[in-house]
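*Asks:* I am attaching a structure below and will ask some questions about it afterwards.
The values are calculated or read from the model by the stated rules, or taken from the named source; none is laboratory data. What you see is a predicted model, and the numbers here were worked out from it, not measured in a lab. Counting neighbours? That spans all protein chains shown, and the Cβs are built from the backbone with ideal geometry, glycine included. Please note that ligands, DNA and RNA were not included when accessible areas were found on the heavy atoms of the full protein model with its side chains. Shrake-Rupley method; radii C 1.70, N 1.55, O 1.52, S 1.80 Å.
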Amino acid sequence: MFYPDKFFEWAAQQYDAKQYLNAIELLESSLKEDPQFLEANMLMGDVNSDVKNFKKAVQHYRAAIAVDPDYFPQNFFNLAKAEMQLMEFDSAASHLEIFLQYKSRTHDIRNKAEKLLSQCRFAAYAVKHPVPFNPVNLGSNINTADDEYLPALTADEQTIVYTRRRLMSSQGMRKVYNEDFYISIRDENGQWKEALNMGPPINTNGNEGAHCLSPDGKHVFFTACNKGEFRGCDLYYAKRTGNKWSDPVNLGPKVNSDQWDSQPTITSDGKTIYFVSSRPGGKGKQDIWKTTVDENGRFQPPVNLGDIINTDGNEMSPFIHPDNRSLYFASDGHPGMGGTDIYVSYLDENGNWSKPLNLGYPINTINDESSLFVSASGSTSYFATDRFENGIGKLDIWMFELYKDARPAPVSYVKGSVTDKVSGVPLEASFEVIDLKSGKVMASSMSDKVDGSFL
């Protein structure tokens, strides 16, 4: 005959070996013999949390606490984390408050509990005050059974470029994926045409992703890894002339570091790039930085965006709207729903960022929301998610109307072409858009020398 503690001992060994199903089976046998076995209930809570069966985890953490609440006070903390996953925010907050009453907790765990309590209170309010949100899938010409994500569009919303992650080979547990850029154009009826691989020289045998388009669609800044230039992941740039892209160029050692540099976004005047880096000198793990272009067109050493934007956690996926003052980004360090949420901050006339605004529930959820692209008009947003059952694949690209309080200033555009008046031959020409009141150059660019087009 086996005793409950023997089943528990074997279950603990299976849990340490990450054999979760075996551990659960053994713990069930142990608890069948002794339903009040406190340690077995605790471990059952841990195992079920790891396999994301949070309803079962909550049941067993509560059972352990019922036997002796003082035996292991961290049960209250673990219970609250599981309750948050079930969106039981009020209950989670009360259990975190109980946990924080125990004075013997370490500084690190107290900080985590206080942060989690703040998230619980925010999430409880957000769920009771949802924002308008009605996402629409972009359809099978954009989305497939593979992962599609990080959409970027031109200012006229007629061209979209995004990343697709495809399974290249599978040998047992070893799977090899490749990330490439895909591009699609709207037809005369406003429907997206079938997306095409952008091909070389942009796409290679390696992984390309985390990109941004200039508003005219003629310049792309993106991330490529392990190309042997500055180690890790670096920022690259390429220009389109006609239908051909130039060879990508590394932005160089002034911008790139020997750490992880990724996720660029460029202002509509082409003078500032915001990006994410794990380089030394930041506020947390991953921070948002910016680099500006001097009068000679050279990028200057990056500057950290500071404490208003960056936290001791992770900030990522910045998107600067064409108004040049509305910055959308993802973070797990600001008050939110519990995972990574999307925020917006506005730059004032003195160069100061406003306190980030959480876009609210159900745009943000207990899951990780990673990025957002907002149209030039400010009314439409594009994002990637796998949380809707009616998706086409795993991560799909969706669009929705952004509610008014989270919108940027609307931005218009001028679109046309430059030709020789007599011959009609397309011409390359420089032009500037100038604010007549301030005399400030709002945008400057060149028409395409092949077809004369500009945007």
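*Asks:* In this model, which of Lys128/Lys404; Lys218/Lys404; Lys290/Lys415; Lys115/Lys404 are farther than 22 Å apart at the alpha-carbon? Intermediate results must be reported in sequence, preceding the final value.
*Replies:* On the way: Lys128/Lys404 19 Å; Lys218/Lys404 30 Å; Lys290/Lys415 28 Å; Lys115/Lys404 29 Å.
Over 22 Å apart, Cα to Cα: Lys218/Lys404; Lys290/Lys415; Lys115/Lys404.
*Asks:* Determine the shape class of the stretch 171-304: with a ≥ b ≥ c the square roots of the Cα gyration tensor eigenvalues, call it rounded for a/c under 1.5, and otherwise prolate if a/b is greater than b/c, oblate otherwise. Don't jump to the answer; show the numbers that get you there.
*Replies:* Numbers: a/c = 1.88, a/b = 1.21, b/c = 1.56.
Taking the square roots of the gyration eigenvalues as a ≥ b ≥ c, the stretch 171-304 is oblate.
*Asks:* While we're on this one: Just the isolated ones, please: cysteines in the chain lacking another cysteine beta carbon under 4.7 angstrom.
*Replies:* Cys120, Cys212
*Asks:* Summarise the accessible area of the chain (1.4 Å probe, protein heavy atoms) by the percent that is carbon and sulfur. Each step should come with its number before you reach the end.
*Replies:* Numbers: 11580 of 22910 Å².
Taking all protein chains in place, the chain shows 51 percent carbon and sulfur surface.
*Asks:* Turning to a different aspect of this structure: With a probe of 1.4 Å, find how much accessible area the chain has per residue, and write the answer as a whole number in Å².
*Replies:* 50 Å²
*Asks:* Determine the sum of side-chain charges near Ile308: Lys and Arg each +1, Asp and Glu each -1, restricted to other residues whose C-beta is under 15 angstrom from that of Ile308. Please report the intermediate quantities before stating the final value.
*Replies:* Details: positive: Lys283, Lys290, Arg325, Lys355; negative: Asp287, Asp307, Asp312, Glu315, Asp348.
That works out to -1.
*Asks:* For the chain, just say rounded, prolate or oblate: build the C-alpha gyration tensor, square-root its eigenvalues into a ≥ b ≥ c, call rounded for a/c under 1.5, and beyond that prolate if a/b exceeds b/c, oblate if not.
*Replies:* Numbers: a/c = 2.33, a/b = 1.97, b/c = 1.18.
Prolate.
*Asks:* Taking Lys394 as the anchor, which lysines have their alpha carbon closer than 27 Å to its alpha carbon, excluding any fewer than eight residues away along the same chain?
*Replies:* Straight-line reach from Lys394, under 27 Å: Lys18, Lys52, Lys55, Lys56, Lys81, Lys175, Lys193.
*Asks:* Just from its helices, what would the mean residue ellipticity at 222 nm be for the chain, if runs of 4 or more DSSP H residues each count -39500 (n - 2.57) and the sum is divided by every residue, rounded to the nearest 500 deg cm²/dmol? Intermediate results must be reported in sequence, preceding the final value.
*Replies:* On the way: 7 runs with 101 residues, N = 455.
Per the formula, -7000 deg cm²/dmol.
*Asks:* Then there's this: Classify the stretch 61-120 as rounded, prolate or oblate from the Cα gyration tensor: take a ≥ b ≥ c as the square roots of its eigenvalues, call it rounded if a/c is under 1.5, otherwise prolate when a/b beats b/c and oblate if not. Kindly include the intermediate steps, with their values, before the conclusion.
*Replies:* Numbers: a/c = 2.07, a/b = 1.05, b/c = 1.97.
It is oblate, given that a/c is not under 1.5 and a/b is not larger than b/c.
*Asks:* Further, regarding this structure: Give the ranking of Tyr125, Tyr343 by solvent-accessible surface, highest area first, calculated with a 1.4 Å probe. Mind showing how you got there, number by number?
*Replies:* Numbers: Tyr125 140, Tyr343 5 Å².
Highest to lowest solvent-accessible surface, that is Tyr125, Tyr343.
*Asks:* Which ³J(HN,Hα) values, rounded to whole Hz and listed in residue order, are derived for the stretch 386-400 from phi using the Karplus coefficients 6.51, -1.76 and 1.60 in 6.51 cos²θ - 1.76 cosθ + 1.60 with θ = phi - 60°, glycine and proline given as x?
*Replies:* Taking θ as phi minus 60°, the curve returns 10, 8, 9, 5, 8, x, 8, x, 7, 7, 10, 9, 10, 10, 7 Hz for the stretch 386-400.
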